[in-house]
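All of the numbers you see were taken from the coordinates with simple rules; none came from a lab. Just so it is clear, the structure is predicted and the values come from calculations on it, not from any experiment. Neighbour counts are summed over all protein chains in view; Cβ atoms, including those assigned to glycine, are modelled from backbone coordinates with ideal geometry.
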Amino acid sequence: MKIIEDRRYINTKDFVNENGLEDMADGLFGEGWESEDDCYQIEELLVYCGEEFYDVKFVDGLKSDYDIEVSYNSYSKESHNLNQALVIAKRVMNSKQLAEFHNEIVSRNIELNN
């Protein structure tokens with residue numbers, strides 16, 4: 001679920017206030033926290049909120065103080081979903097291979113006992 005506004009921010013406090021994340025920020029950083037190392041704090045907060053599919057970067061050379069860009073990365077989300085699908089497919093394959101192996105052992109065991 002995308003809840004974060006794609007735009008530029010002044011600092012972590014601006015990001016938190018604009019996106020209504022005051023309680024989350026207090027939970028992660030503690031009450032009375034201060035903005036410092038903004039890109040890292042914002043990335044950390046995004047992961048804490050379960051919104052890890054965002055790019056956070058400092059845009060150098062702007063004439064504006066709004067120099068921290070936060071944008072949704074749909075490719076990252078798609079990649080994550082593909083990786084999850086591959087893990088599930090691998091488990092299914094391993095389960096089928098394990099079942100085949102089990103059946104082979106059982107059939108050999110029956111052959112040996114006869």
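The number of residues in region 16-28 that are buried (at least 17 other Cβ atoms within 10 Å of the Cβ) and in contact with a helix residue (DSSP H, G or I) (Cβ under 7 Å, 6 or more places away or on another chain) comes to 4.
LYS13 passes all but one of (1) free of Cβ contacts under 8 Å to residues at least 24 places away in the same chain; (2) in contact with a helix residue (DSSP H, G or I) (Cβ under 6 Å, 6 or more places away or on another chain); (3) of a type outside the set (Phe, Trp, Tyr); which number fails? Result: LYS13 passes all but (2).
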